[in-house]
1. Counting only residues that are open to solvent by 10 Å² or more (accessible area, probe 1.4 Å) and not in a helix (DSSP H, G or I), how many does segment 506-525 have?
2. Residue by residue through segment 248-285, note down the ones that are in contact with a helix residue (DSSP H, G or I) (Cβ under 7 Å, 6 or more places away or on another chain), open to solvent by 10 Å² or more (accessible area, probe 1.4 Å) and of a type in the set (S, T, N, Q).
3. May I ask you to list the residues in segment 747-761 that are free of Cβ contacts under 8 Å to residues at least 60 places away in the same chain, open to solvent by 10 Å² or more (accessible area, probe 1.4 Å) and not basic (Lys, Arg)?
4. Consider segment 579-600. How many of its residues are over 18 Å from Ile642 (Cβ atoms) and either assigned to a helix (DSSP H, G or I) or within 19 Å of the chain's Cα centre (by Cα) (or both)?
5. State the number of residues belonging to segment 167-224 that are open to solvent by less than 10 Å² (accessible area, probe 1.4 Å) and among the small types (Gly, Ala, Ser).
6. Restricting to segment 767-794, name every residue that is open to solvent by 20 Å² or more (accessible area, probe 1.4 Å) and closer than 19 Å to Val736 by Cβ.
7. Return yes when Thr821 is β-branched (Val, Ile, Thr), open to solvent by 10 Å² or more (accessible area, probe 1.4 Å) and in a loop (DSSP other than H, G, I, E, B) and no when it is not.
8. Give the residue that is farthest from Arg741 (Cα to Cα), with candidates limited to residues of segment 592-608 that are buried (at least 16 other Cβ atoms within 10 Å of the Cβ) and touching a residue at least 60 places away in the same chain (Cβ under 8 Å).
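The values are calculated or read from the model by the stated rules, or taken from the named source; none is laboratory data. Here the structure is a predicted model, which is why all the values come from computation and not from measurement. Methodologically, a virtual Cβ is constructed for each residue, glycine included, from the backbone with ideal geometry; neighbour enumeration extends over all protein chains shown. For accessibility, only protein heavy atoms count, side chains too; no ligands or nucleic acids. Shrake-Rupley method; radii C 1.70, N 1.55, O 1.52, S 1.80 Å.
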Amino acid sequence: MPLARRARGSRLAGSRVASTSLPRATAHSLRGAGRGALSSSHAQRLTRRRHSSEQIPPRPELQTDFRSGKWLQESAGGDAGDSQQAPRAGMGSKHRICSREEVVIPCASDSDSGSVDLQLSNLEDIKKGPSSLELTVLDSDISDIFGLPKESLTDSFRHLTHQGPLGETTVEKLIESIQEFFNGELKSELEKLTFLRSLSSLSRTLPYDETTESFIHSHIADIVHILNMLVEEEPLHSLFSPVRQEVFVTITDLSYQDVHLLFGSEDRVDLFSLITKSIITLPSVKTLTQLQEVMPSGSYNSECLYRQTFQAFCEMLQSLVVKDPHLENLDTILKHIDPWVQSVKDHERERATISMAQVLKCLSRHLNLKLPLQFQRLGHLVALMALLCGDPLKELAKEAAEGTHYLLHITLRLKYITQDKKNHQSLRRAMKKCQELLDLYSIKQFYSCPFKIAQVFEVFLNSNELCQFVMTILDGLKNLKHPYTQQSAGELLITLVKNAESRFEKVPEIMGVICAQLSLISHPRVRQQVITTVSLFLSRPKYTDIVINHLLCHPVPYDRCLAELWRTLEVELPSTTWILWRLLRKLQKCHNVPTQEKMAYVAVAATDALYEVFVGNRLRAATFRLFPQLLMTLLVQIHHSIGLTMSDVAIPSGLYTEQEMPSKVATITPLCFAIQATKALLFRTLCWQEFHIMEKNKGWTLLAGKDCHLQGVSLLANALLEKNRLLAHKVMYLLVPLLNRGNDKHKLTSAGFFVELLQSPVARRLPSIYSIVRLTDWLQHGNNLFRILALRGLHYLVKHQKMREDIKKLLPNILDLLCETDEKIVLLAIQILLQLVRTIDVTTLTAMMRTLFSLFDDVRPDVQHFSMTLFGAAIKSVKYTDKKRVENQVLDSLIPLLLYSQDENDAVAKTSRRVLTICTQFLKWRLPHEVYYKGPWYSNPSEVGTICKFFVREK
């Protein structure tokens, strides 16, 4: 027994047709006469045009235009004539497809410009007054009823056409026929069409029939299954049947009755994906026409059938958004259309674009937003439409521009309803800026200048949507087949990043996508546009460190793409120093921590990045400005890298593959990165002579040596001081406050360079706290290297007359160093004393001479040589009044000096004879000439006797 039926009178009286606010199109009266009080709305007629399709008399072939409202014949002049042919209502399914071309009314007229209303008051009216849009799908065209003899099934359609609501008997027959299809198989095309039209006709009784409502809602899974099966059985590479079209129309009819077959469960989502693919992936119209010529398929015109099928698909999508207050349906549609608007096949991309443009157009006409909104991909959608506006197919680009126009309508209302009440003025400012841009640029020209879309929409996109926009644009760069699209994408990126400034989030993710996509972009100009985008992010202080951190987390040496990125950075002059300084700081921070077991990977990566920057020479002004910091940091990095391999670096897990790691460890070292970066720095700052000196004197080898690193530092410092005093002085002033910072290696390298610069006359201007006091501290250091550097510094400063008095206060410390075991320390102490010996008081002088006398027999030839030299200088500096106090020491030194005059070391022997002469002059003795005999004494005993007699007599 059927369920109790609802009272039709009250339902019909409450029909929603009168309240529709959809725009009206030219009326079609092909089969609408005599329908009584149940006239259908425009939205309903969108889904039933298959019942009013008639043949058009032959006429000259028209050019196909696939823009919405134009892609079927634009003129509707044949409507009146066609209405006279209404008695054809009972024609079979094969006659539903016109042989030439059919007039199809679009969702809205193309002549409707739909100008963007930017008046906030209008938006407020929209927000305050909810739309009264209610749609009724009540079309009394009745489809075939299954159950009649099959041979007369086609002709029976006209006998079952109703002028008003379906009767109870008819509804029951429709349910019975559909039920039989559930239990059987649909083999022939006729059976398939009959099932679909029966279901479509039955759906129109849902508003007033409880039996229908119960039946359909209880069999949704069966309906979805059969529709899925019907679409799967349709060939993917040809179109000879209207089954697809009828599937779309049926889904549309049910959608208008709030029965959604494409949303919800997994099987419904799969159906949506399948029907989308089935229409989008059809061959091009040209191919379909050629197929028809090769494989004739009765009276169907493939081109006309395709147009009707595609329009039915578009109308199906529109039916999903007519009542979509939370935009969740739009979000689902976008997910299914998204892959196709990025297809490399032109006809697939064109179909997807037209579909999306019509959806946006329909939605903008019937927008009734309510919170909460489920659509969270506005930035992605804007970017997709912007990319399509730059498509090489002009008609597709125009269609996308029109869709973007309607998307702006939607965005304005969406942003108004979701705005924070506290940011009301912010929205006003955004709308004002948008209005200014629209005054400059015609929105209809979006397709010719896609980057204007970024300018207009940027003011409305929040940080998350901006990120979506950028990610989508970057993904579009993979479309290698269309360089023009790539260029448009690059312009969009640059425009958006320039205008949005510091409103981005997820910048590391953006950088990750850029680095991944860079190798896939073959067009040089587009690659440079992407690099410019990275440069813009780098230029924003908010993002500089974030971008640098991400770029440094890549394998070294950098691959071709990342090396190109570092080398070709496009940065405005004021930002160059900031960027280079932040990169440099990454390296400097690694030197400020105590020495660890493994070197930080960031140190190696930053060094390699600096090398690439120097090679590219795009930050030349900043390189000159930061030369002192760059040079010293790289020298310190060299010191830290000595003796290390990549296995001594704390490489992040996953950075290298297991296959790459052994080769990297064997072929590259942190030291080679530091050396090559230092060379590049000298070359780019025009320090060519210094570079040549280092090459000529094996300076790079010295720098890389564990025991001779400071010698290499000294060589470079002296070369810079000799050839470029200005840069040398800048380095000295930089080092003054930094000498005590960092770990020991950092301090040693800095101190080694600083000490050599003390030779400059400018050094005397330094306050003593930064020169002598600091050197004094180093004299007490436990590391001999610091003591050596201190003595070298004092040796240079003692030449400045003003500093001698302060250095003389250090004499006790220096004299103590004469007893050190380190030869360098002793020799440097002697060098300082040689310069101060004339100013030393007699007491200190006497103590010094005793110490020097003890060094005459030192096993180190240089110590012997210079101790004798200083001894002789000390004797010369003794004043006449103080001779008696040192006379005994002089006498004690005569015999040792005489003996060492025969030393096998020529320098020691020569110095001994010279100092011996000084001693005898001090004593006012006159040595026999035999003392100066250079030959061995054993070869001439008589001369030895003469010398001995002289010393016995004088004593």
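1. The qualifying residues number 5.
2. Gln257, Ser273, Thr281, Ser284
3. Of all residues in segment 747-761, those free of Cβ contacts under 8 Å to residues at least 60 places away in the same chain come to 747, 751-752, 754-761.
Narrowing further to those that are open to solvent by 10 Å² or more (accessible area, probe 1.4 Å): 747, 759, 761.
Within segment 747-761, Gln759, Pro761 qualify.
4. Final tally of qualifying residues: 10.
5. So the count comes out to 5.
6. Matches in segment 767-794: Pro767, Ser768, Ile769, Tyr770, Val773, Arg774, Thr776, Asp777, His781, Arg792.
7. On the way: β-branched (Val, Ile, Thr): yes; open to solvent by 10 Å² or more (accessible area, probe 1.4 Å): yes; in a loop (DSSP other than H, G, I, E, B): yes.
Considered against the rule, which asks whether it is β-branched (Val, Ile, Thr), open to solvent by 10 Å² or more (accessible area, probe 1.4 Å) and in a loop (DSSP other than H, G, I, E, B), Thr821 comes out as yes.
8. Of everything passing the filter in segment 592-608, Asp608 is farthest from Arg741 (Cα to Cα).
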